[in-house]
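Accompanying notes for the structure given below.
The values are calculated or read from the model by the stated rules, or taken from the named source; none is laboratory data. In this text, all values refer to a predicted model and were calculated from it rather than measured experimentally. Glycine gets a Cβ as well: all are built from the backbone with ideal geometry, and neighbour counts include every protein chain shown.
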Amino acid sequence: MYASAASGLLSGLGTLLPAWARSASDGNHGLHPHTETEFDLTVGTFPVRIDGRVGEATGVNGTLPAPLIRFREGDEITLNVKNTLDVDTSIHWHGLLVPFQMDGVPGVTFPGIRPGETFTYKYAVPQSGTYWYHSHSGLQEQEGHYGPIIIDPNGVDPVAYEREYVLVLSDWSFERAERIFAKLKKSSDTYNFQQRTLPDFLADARESGFGAAWSDRAMWGAMRMSPRDIADVTGSTYHFLINGHSTKDNWNGVFRKGERVRLRIINASAMTIFNVRLPDLPMTIVAADGLNVQPLEVDEFQMGVAETYDVIISPPEDRAYAFVAESIDRSGQAVATFGPQAGMRAEAPALRPVPTLTMKDMGMDHSAMGHSDITHEVRTESALTREKADHSKMNHSAHGMPGHDMGDMAASDGWPIEARPVKRGPGVTKVNMMPISRLDEPGLGLENVGHRVMRYSQLRSLDRNPDLRAPEREIEIHLTSNMERYMWSFDGVKFSEVKEPIIFHEGERLRVSLVNSTMMPHPIHLHGMFFDLVNGGGDYSPRKHTVIVKPAEKVSFDVSADHVGDWAFHCHLLYHMHAGMMQVVSVLPSDDAASMQDHKTMDHSKMNHSGMGHDMKMEGDQ
């Protein structure tokens, strides 16, 4: 049945790519801003060719990535989704403010789309910008079920540009996603081939002295943790893609010297945080997660899974420029080309040195925060490194970061804090009791690159925030794990064991604080609402739907609970969510006391998780 499709694959990539994803050498010289109001989408399996090798994808309308959905702000749109798989499927409209029944999360907002059935999504949204869509069923997203969304503003776009492209970043493996997950459960470092070696130790000893190097290695060894535990799934199995093209395939776009080109960049990967740059060509960030921000010129930025950034480039020379998406652990990259002529190929830069975690990522180095004269208690199950902290001697005056107004980054300013209890057990190896703010850091491995790297602390909304009320209360949530056994959770409770949702009340303004008690960065996504990142921006805090929480970090955001319904809240690293790092946020109608009682007694163990695959009973789980 795939004969003609496979023949097309072997004759050229462009034949099985949607027009927006093709290279300039295949006729794509920029997007055509044509909107629609009705879309027919068919989910199925089909062959793909990646790096010259043929495999099978699960996706939409037979292309990887899926078709571009483009419509106008405020338009009522209809999307007919037909499932030709032999298992359930779904589509979630990532970042879109849709009615919760249209959000597309099986077991939370609807039952899912059964084999052979068609589900019709209908909605209109009060927003514009760059977004994307993907399956929320099982691990289908890993296998190709994702595509871009552009919503054109109903009015004048404040961003001026002469040409635009969508760049969808992703990771592809010829291993089945279920096999990848099963291998991670058996051995969490199964894909990590970048562990530190004897030459690394000798280099450390030359730089810091033998005693310090030995002590550092002994400490990591005693904790049974690796300072190179940066990415769970790496370039050892992944092929990193831009618009379905690997570096060898050379996706290329064209420009005229000096023109303003808008790049709509979407990280649609399953597990890969990317470092994005165009060597020798600055980028001006103009939108984050679909919403406009004050223009910020940078040379590089770290991009979490599920984040989107719009940037403007204006090439000053008629030559080829490399667009580089490098994985955070430096195990691979995808490189595309922008040039004045179709088919040009820029030189791919060498991969940079592998970054290494430090005690700061363990929550044990507070010297940067004025704590250099104290010891600190890291509460771990093994208690191998238990040191006492005398909080009375702490110098809190040093907590401010240079050049930033920290007034709105205080712990509470008087509103009540709901510190949710962390369920201790085999799924929690440590709880970070003294998290720090790392919003003014560029991200792991980008600390000393010698050029301008975006920091969350620099982002400012273009428009004043719509709700300037102070929070009425604060909820503190811990990101928890046992990395060795590949167990991931919020507050020590994996999704299948959650008995009640996180409750928001319609109309309230509240602060959510995320404390990372793991050694890995987590892109955390809230469905159904934008939140104001508490980064010192005051009335112009950036409004996002996904934020990277760095190791040992506390990140806070303020949210207005104005969208009644049940909303998924999870880590967007697919296998972390699949293992249990997910909960449900229920926004209750303000006048519905009965709903409050119903939600308090809700038993999520009775929910339909068949399409989500959470908490699979794998070896090593308890």
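Please enumerate the residues belonging to the stretch 419-454 that are charged (D, E, K, R), closer than 22 Å to ASN275 by Cβ and crowded, with 21+ Cβ neighbours inside 10 Å.
Correct list: ARG438 only.
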Of the criteria (1) surrounded by 24 or more Cβ atoms within 10 Å (Cβ to Cβ); (2) under 16 Å from the mean Cα position of the chain (by Cα); (3) modelled with pLDDT of 95 or more, which one MET520 fails: (3)
Which listed residue is closer than 30 Å to ARG260 by Cβ and within 17 Å of the chain's Cα centre (by Cα), from TRP172, TRP132: TRP132
Near pairs, Cβ below 7 angstrom, 6+ apart or cross-chain, from the stretch 46-57 (over 16 Å from HIS145 (Cα atoms)) to any residue that is modelled with pLDDT of 95 or more and of a type in the set (A, V, I, L, M, F, W, C): ARG53/PHE174
Residue selected from the stretch 523-535 under the condition in contact with a Leu (Cβ under 8 Å, 6 or more places away or on another chain) and within 18 Å of GLN458 (Cβ to Cβ), by the criterion surrounded by the fewest Cβ atoms within 10 Å (Cβ to Cβ): LEU533
Selection within the stretch 428-485 - more than 30 Å from GLY507 (Cβ to Cβ) and assigned to a strand (DSSP E or B): LYS430, VAL431, ILE436, VAL453, THR480, SER481, ASN482
Verdict on GLY129 being in the same structural domain as LEU17 (by TED's automatic domain parsing), modelled with pLDDT of 95 or more and over 17 Å from LEU291 (Cα atoms): no
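Please verify whether PHE110 is aromatic (Phe, Trp, Tyr) and either without any contact (Cβ under 8 Å) to a residue 60 or more places away in the chain or in contact with a helix residue (DSSP H, G or I) (Cβ under 7 Å, 6 or more places away or on another chain) (or both), treating the condition exactly as stated.
yes
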Flag for VAL254 being in contact (Cβ under 8 Å) with a residue 40 or more places away in the chain and under 17 Å from GLU326 (Cβ atoms): no
Residue tally, condition over 26 Å from the mean Cα position of the chain (by Cα), of a type in the set (Phe, Trp, Tyr) and either assigned to a helix (DSSP H, G or I) or modelled with pLDDT of 90 or more (or both), over the stretch 1-58: 2
Residue identified as assigned to a loop (DSSP other than H, G, I, E, B) and under 17 Å from HIS136 (Cβ atoms) among LEU79, LEU96: LEU96
